[in-house]
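Notes for the one structure printed next.
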Amino acid sequence: MEFIKENIQVINDNIERAALNSGRKKEDITLLGVTKTVDTDAILEAINFGITDIGENKPQELARKYDVIGDKVRWHLIGTLQTNKVKYIIDKVSMIHSLDREALCEEIQKRAEKIDKTIDCLVQVNISKEESKHGLDIENVVEFIKNTSEKYKNINIKGLMTMAPFSADENEIRNVFKGLKDLSLEIKNLNIKDVSMDVLSMGMSNDYEIAIEEGSTIVRVGTSIFGKRNY
Ligand SMILES: *Cc1c(COP(=O)(O)O)cnc(C)c1O
């Protein structure tokens with residue numbers, strides 16, 4: 001699977017260039033390999049070529065692969081998380097990128113407390129206001145974060161996550177990323193207890209360079225590493 005090595009090399013070069021373009025350091029950006037539908041052999045290959053963090057969007061799929069791969073990498077849950085599936089991943093993930101409603105906070109709190117773990121989470125924000133996109137509307141984010149940090153002690157909010165619209169218009173995409181960065185700065189200035197805004201999870205195969213130029217610290221890349229997915 002030589003192509004995985006080559007793809008990762010190309011992406012790392014692109015990350016470095018986008019970072020330099022915007023006066024940042026490549027070390028400040030994590031390449032999160034999105035491995036949904038990808039088999040464990042290919043994932044292990046990517047790990048050999050330097051991938052340290054992987055993201056899955058289906059809890060049971062994450063759990064199944066975790067049984068094979070274990071703690072060699074950090075595991076991230078990306079995408080909509082149903083409350084009844086938190087139990088499959090709570091002891092395995094380093095970060096949940098899709099905190100977006102109180103019922104989910106309640107469930108994460110309950111499960112995390114049971115195993116005496118604190119879970120790093122990102123709040124998913126619907127910047128682009130597309131109907132199909134999940135996440136909180138911008139105007140509800142501050143209240144949600146204040147409430148969560150106060151009530152749910154085993155949840156640590158580390159930053160924000162968003163998905164750009166499926167658009168060919170680079171300016172539209174860039175503005176979504178700018179919007180998330182601005183919101184994170186606004187929240188940082190509020191100095192909410194136990195809340196940091198150090199992490200911005202934004203950018204996928206089609207737009208990760210733009211995202212980095214706008215301040216992304218985690219880019220979530222699947223297709224450009226592993227090839228087109230067969231659903
Ligand atoms: C699938 C997925 C990605 C990766 O998308 P690619 O276009 O394959 O890079 C990133 N983030 C989320 C939430 C996803 O579901």
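The values are calculated or read from the model by the stated rules, or taken from the named source; none is laboratory data. Everything numeric in this text was worked out from a predicted model, so none of it was measured. Glycine also receives a Cβ, built like all others from the backbone with ideal geometry; neighbour counts cover every protein chain displayed. When the accessible area is computed, the model is the full protein with side chains, heavy atoms only, and any ligands, DNA or RNA have been set aside. Shrake-Rupley method; radii C 1.70, N 1.55, O 1.52, S 1.80 Å.
Annotations for the structure displayed:
- Applying 0.36 nm per residue to the separation of LYS72 and ARG17 and subtracting their alpha-carbon distance, the gain on full extension is 17.0 nm.
- Qualifying trypsin sites (Lys or Arg not before Pro) in region 124-231, where qualification requires a DSSP coil assignment and no more than 14 other C-beta atoms within 10 Å, comprise LYS129, LYS153, LYS193, LYS228, ARG229.
- Put GLU150, GLU213 in order of accessible area, highest first, and with a 1.4 Å probe you get GLU150, GLU213.
- Taking only Cα atoms of region 32-71, radius of gyration then Dmax in Å: 9.1, 25
- Look at the dipole of region 147-201 built from charges on Cβ: of ILE173, ILE157, LEU185, the Cα furthest out on the positive end belongs to ILE157.
- Whole-number D in µm²/s for region 31-130 (Stokes-Einstein; Kirkwood sum over Cα pairs; 4 °C, 1.567 mPa s): 93 µm²/s
- Computed about the Cα centre, the dipole magnitude for region 2-225 is approximately 680 debye when only Lys and Arg (+1) and Asp and Glu (-1) carry charge, each at its Cβ.
- Normalised by the number of residues in region 13-93, the average gap of Cα pairs under 8 Å and 6 or more apart makes the relative contact order 26 percent.
- Cut-off 9 Å between beta-carbons: net charge of the residues surrounding SER196, Lys and Arg +1, Asp and Glu -1: 0
- Taking the DSSP beta bridges with both ends in region 91-175, the antiparallel portion is around 0 percent.
- Counting Lys and Arg as +1 and Asp and Glu as -1 over every other residue whose Cβ lies under 13 Å from the Cβ of ILE210, the net charge comes to -3.
- Note on region 1-70 and region 82-116: Cα centroid distance 23 Å, given to the nearest whole angstrom.
- Net charge dipole, region 102-226: roughly 540 debye, given to the nearest 20, about the Cα centre with Cβ charges of +1 for Lys and Arg and -1 for Asp and Glu.
- Inter-site label distance for ALA168 and GLU130 at 7 Å from Cα along Cβ, in nm: 1.5 nm
- Surface accessible to a 1.4 Å probe, per residue, for the residues of the chain, Å²: 49 Å²
- Positive end of the dipole of region 29-146 (Cβ unit charges, origin at the Cα centre): among ILE115, ILE145, GLY55, the Cα lying farthest that way belongs to ILE115.
- Two-site FRET efficiency, ARG229 against LYS178, from Cβ-Cβ distance with R₀ of 22 Å, rounded to 0.05: 0.15
- Loop chymotrypsin sites (Phe, Trp or Tyr not before Pro), region 151-223 (other Cβ atoms within 10 Å of the site Cβ: 13 or fewer; DSSP): PHE166
- Carbon and sulfur %, accessible surface of the chain computed with the full protein complex present, 1.4 Å: 44 percent
- Cα-based equivalent ellipsoid, the chain: semi-axes from gyration tensor eigenvalues, Å: 26, 23, 15
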